[in-house]
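**Student:** Dumping the structure here so I can ask a few things about it.
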Amino acid sequence: MLVQKGFRYRLKPTNEQKCMLLQHGGNSRFLWNYFLKQNIDYYKETGKFKFYHELAILLPKLKKEYSFLSESFSQSLQMVARQFDKALKEVFKKEKGFPSFKKKHLLNDSFTCPQKWRLGREFVFIPKIGEVKWIKHRPLQGEPKSITISQDGDKWYCSVLCKCKIEKQEKKKDNIIGIDVGLEKFAVLSDGTVINNPKHLKKNEKKLAKEQRKLSKKQKGSKNRFKQRMKVRKLHTKIKNVRQDFLHKTTSHMIVKYDGVVLEDLNVSGMMKNHYLAKSIADVSWSEFKRQLEYKSKWNFKHFILIDRFTPTSKTCSNCGCIQDMPLNKRQFDCPDCGVSLDRDFNASINICRLGRSRINACGVEEVSSTMKQEKECSVN
């Protein structure tokens, strides 16, 4: 099985190279905004959009009109057209919202080089920029296909996209685990394991509020305001990195230990509309937790099952199946029929695990029946 893996490394450019990276990133941002403006105007006139072919034809004319675009690698500009085309098609598939304009002050520009790059032990060769030093903290896996240079505040990174071949393995179904996520506890597993909520944002909230107050007092457009803005950004980046580290370690441990995971398909975007819980829900990153479990399960040939969000897992007794009302403030499940008393989240995780196991077994029966039908057809022929 072929999969795509990304490896991100920190760049150490010189001051001259930083200016060139800023120019390349700025050109890509300018071109994206130009394509977006063209499409908005074109749609108002004709009711249609311009896709990759029409956008790519515009590039030679734009280079003549805006001479600074010639400083960028031509294939990087073509990739902007491809990326915009993909973003536009995702709108029709209802996967994402309509593309938005990119802003310079966010300091998150990027550009992709599909060819003409070169990777060394201590440097990466970027077309039209040259050899830029990097910190290669881990080896690459598979065959490198393209590189993407991205800005994060005053730092620059190189992401290498690789194609890796993974040998197929047989999926086991002995040790399947059900996971019930929450805010008080990050996750409760059906084997009794409890993962506490680290509350990364809450730990740094006072420090963040202090730095943001300082920022609000700085004069707009001044160098001191820019420096303070970078301090706030670094604090946000630190919180993001700690959160990502926690999620990666938690999901990797689960994938190694268990043969499969079962989760509820939560409507996170809808839950975020609750202004009392939105900050806490954003901090636990349930969507990112699900995404990591999904692709890591696929890479390691483990089961990954999603249970329907309307299934009453918290209201159902895991022992006898009795259903009762369970408001959020009630943390203990006491069954009136069989007398079982369990933690609310633990009871839900057992129900989630049971539903996941039944679906895995049902899939196994379907696979066996389909193979038997194929054998019968072959014998008749």
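The values are calculated or read from the model by the stated rules, or taken from the named source; none is laboratory data. Since the model is a prediction, treat every value here as computed from it, not as a measurement. Cβ atoms come from the backbone with ideal geometry, glycine included; neighbour counts cover every protein chain shown.
**Student:** If you check every pair at least six apart or on different chains, which have Cβ atoms under 9 Å apart with a residue in segment 341-353 that is without any contact (Cβ under 8 Å) to a residue 40 or more places away in the chain first and a residue that is outside any helix (DSSP H, G or I) and among the small types (Gly, Ala, Ser) second?
**Tutor:** From segment 341-353, the pairs are Leu342/Ser318; Arg344/Gly182; Arg344/Ser314; Asn347/Ser314; Asn347/Ser318.
**Student:** How many residues, within segment 286-313, are free of Cβ contacts under 8 Å to residues at least 40 places away in the same chain and over 26 Å from the mean Cα position of the chain (by Cα)?
**Tutor:** 1
**Student:** Cβ contacts < 9 Å: first residue outside the structural domain of Asn27 (by TED's automatic domain parsing) and in a loop (DSSP other than H, G, I, E, B), restricted to segment 43-67; second residue surrounded by 10 or more Cβ atoms within 10 Å (Cβ to Cβ) and of a type in the set (S, T, N, Q), any location; separation 6+ or different chain. Result?
**Tutor:** none
**Student:** For segment 211-222, what are the residues that are surrounded by fewer than 12 Cβ atoms within 10 Å (Cβ to Cβ) and within 15 Å of Arg233 (Cα to Cα)? Show your work before the answer.
**Tutor:** Narrowing segment 211-222 to residues surrounded by fewer than 12 Cβ atoms within 10 Å (Cβ to Cβ): 213, 216-217, 219-222.
Arg213, Ser216, listed by residue number.
**Student:** Here is a further query. With (1) in contact with a strand residue (DSSP E or B) (Cβ under 6 Å, 6 or more places away or on another chain); (2) among the polar types (S, T, N, Q); (3) free of Cβ contacts under 8 Å to residues at least 12 places away in the same chain as the list, and Ser150 as the residue in question, which single condition is left unmet?
**Tutor:** Condition not satisfied by Ser150: (3).
**Student:** May I pose another question? Among the strands (runs of 3 or more DSSP E) lying completely within segment 103-157, list those that include at least 2 residues that are crowded, with 16+ Cβ neighbours inside 10 Å and among the aliphatic types (A, V, I, L, M). Spell out how you get there, then give the answer.
**Tutor:** Numbers: elements: 110-113, 123-126, 130-135, 143-152.
Once the strands (runs of 3 or more DSSP E) in segment 103-157 are filtered for at least 2 residues that are crowded, with 16+ Cβ neighbours inside 10 Å and among the aliphatic types (A, V, I, L, M), what remains is 123-126, 143-152.
**Student:** Pick out the one residue from Gln83, Gln75, Gln151 that is within 23 Å of the chain's Cα centre (by Cα), farther than 30 Å from Gln228 by Cα and either at pLDDT 90 or above or not assigned by TED's automatic domain parsing to the domain that holds Ser349 (or both).
**Tutor:** On the way: Gln75 fails: within 23 Å of the chain's Cα centre (by Cα); Gln151 fails: farther than 30 Å from Gln228 by Cα.
Gln83 is the lone residue from the list that is within 23 Å of the chain's Cα centre (by Cα), farther than 30 Å from Gln228 by Cα and either at pLDDT 90 or above or not assigned by TED's automatic domain parsing to the domain that holds Ser349 (or both).
**Student:** Being within 30 Å of Glu143 (Cα to Cα) and either in a helix (DSSP H, G or I) or not assigned by TED's automatic domain parsing to the domain that holds Val80 (or both) narrows it down to one of Asn39, Asn27, so name that one.
**Tutor:** Values: Asn39 fails: within 30 Å of Glu143 (Cα to Cα).
Testing whether each residue is within 30 Å of Glu143 (Cα to Cα) and either in a helix (DSSP H, G or I) or not assigned by TED's automatic domain parsing to the domain that holds Val80 (or both) leaves just Asn27.
**Student:** May I pose another question? For segment 158-183, how many residues meet the condition of being at pLDDT below 90 and either small (Gly, Ala, Ser) or farther than 18 Å from Lys302 by Cβ (or both)?
**Tutor:** Residues that pass the stated criteria total 0.
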